[in-house]
Amino acid sequence: MSPVNISVIGGSGFLGTRLLRLLSKEGFQLHNIDKNGSHDFSGVTTIQDIRDPEGLRNVMSPASTVIHLAAEHKDDVTPTSLYYDVNVQGTRNILDAMDRAGITSIIFTSTVAVYGLNRDNPDENEPVAPFNHYGKSKWQAEELIREWQRKSSERSAVILRPSVIFGETNRGNVYNFISQMASGRFLMIGRGKNQKSMAYVGNVAAFIQYVFENMQPGCTTYNYTDLPDITTWDLIGVVRSELGIKILPVTIPYFAGLFAGNVFDLMARILHRKFNISAVRIKKFCATTRFNAEKAHSTGFKVPHPLIEALQDTIRFEFSDKK
């Protein structure tokens, strides 16, 4: 088998599908390895769980670079050991499979969750303080990659820490926020002045391509957010404008929202059910999640989709029939 340009690990998901679509248009030879099949790229996809080291070694193709997207990332993963089985041990298995295939270059998508909550615009040199298992496990995976790169001066590693990623077809926190506003069931918790760093999926995919095309030996870390940072009220304003919502949302104090989140957490444990409201989600919603991405934006990368336009396009794609 002739070497491919890029092996994508976890390319069947939201970001991965967008990335494969972009790279395929650019003519790259691709191989996608994922525990799930790919609707759009079944012809280049191999089904494989990264928790299986032997299976992963057997399917890893020689490539110029691996782009590692696979992760357990939701707020309510149970048992919590899955974060470490997938995000940490899975990364260890990938690095081992790369070594056996002779691959010396990796791009790893980590997360700004390694910084913790309510940090003051941290850049890549700030100390980390992850507050949940997702952030902790991603930080441990980063450390594995740094250790792997230090073993040879010819190895290249880029660690990408994106902020919350949104876009068409995604069903994450931004979609849920917009959906609640569109349905009229949205409750504003807190004052809404907290700033939010966000990243459009098309821009993250484009930045990954840019990084791949400019890889150098060594290990480099980038935060990635789209500019400008906006407040929760700014986001509400964009949604109201696009959907023609005239009524302002009902606002409740943060302490009341957090109390409600804890009540729902208790009910979830008692009833063995999952609810859309939780204490962690309330904390994240009301937290300032602003991150310094000057390093990424000073590389020469040209952002293809301005943030506000990307938000407007996403709202129109998902909710234009709900105006």
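Quick notes
- No other residue among Gln140, Gln149 is polar (S, T, N, Q) and touching a strand residue (DSSP E or B) at 6+ places or on another chain (Cβ under 9 Å) apart from Gln149.
- Positions within region 35-75 being in contact (Cβ under 8 Å) with a residue 60 or more places away in the chain, surrounded by 21 or more Cβ atoms within 10 Å (Cβ to Cβ) and either β-branched (Val, Ile, Thr) or in a strand (DSSP E or B) (or both), in sequence order: Ala63, Thr65, Val66, Ile67
- Here the condition is being in contact (Cβ under 8 Å) with a residue 24 or more places away in the chain and β-branched (Val, Ile, Thr); of Val263, Val303, it holds for Val303 alone.
- The residue that is surrounded by the most Cβ atoms within 10 Å (Cβ to Cβ), counting only those in region 152-171 that are in contact with a Gly (Cβ under 9 Å, 6 or more places away or on another chain) and β-branched (Val, Ile, Thr), is Ile165.
- Matching residues in region 194-207 - criterion: being crowded, with 20+ Cβ neighbours inside 10 Å, of a type in the set (A, V, I, L, M, F, W, C) and touching a Phe, Trp or Tyr at 6+ places or on another chain (Cβ under 9 Å): Met198, Ala199, Val201, Val204, Phe207
- If the condition is being assigned to a strand (DSSP E or B) and exposed (fewer than 15 other Cβ atoms within 10 Å of the Cβ), then region 17-34 contributes no residue at all.
- Any hit, region 84-96, residues being among the basic types (Lys, Arg), surrounded by fewer than 22 Cβ atoms within 10 Å (Cβ to Cβ) and within 18 Å of Glu143 (Cα to Cα): yes
- Test: residue in region 270-292 that is surrounded by 14 or more Cβ atoms within 10 Å (Cβ to Cβ), assigned to a strand (DSSP E or B) and either in contact (Cβ under 8 Å) with a residue 60 or more places away in the chain or under 26 Å from the mean Cα position of the chain (by Cα) (or both): yes
- Across region 95-137, the qualifying residues are those that are touching a strand residue (DSSP E or B) at 6+ places or on another chain (Cβ under 7 Å) and part of a loop (DSSP other than H, G, I, E, B), and the one among them that is nearest to Arg290 (Cα to Cα) is Asn121.
- Hits in region 219-236 (condition: closer than 14 Å to Gln312 by Cβ and at pLDDT 95 or above): Asp226
- Output for region 3-16, where each listed residue is out of contact with any Pro (no Cβ under 7 Å at 6 or more places or on another chain), touching a residue at least 60 places away in the same chain (Cβ under 8 Å) and either more than 15 Å from Phe212 (Cα to Cα) or part of a helix (DSSP H, G or I) (or both): Gly10, Phe14, Leu15
- Residues that are aliphatic (A, V, I, L, M) and within 11 Å of Thr232 (Cβ to Cβ) within region 173-195 comprise Met188, Ile189, listed in sequence order.
- Considering region 142-236, the qualifying strands (runs of 3 or more DSSP E), each wholly inside and each with 3 or more residues that are under 22 Å from the mean Cα position of the chain (by Cα), run over 156-162, 164-166, 195-200, 218-224, 226-231.
The values are calculated or read from the model by the stated rules, or taken from the named source; none is laboratory data. Keep in mind that what you see is a predicted model, and the values were worked out from it rather than measured. Using ideal geometry, Cβ is built from the backbone for each residue, glycine included, and neighbour counts are taken over all protein chains shown.
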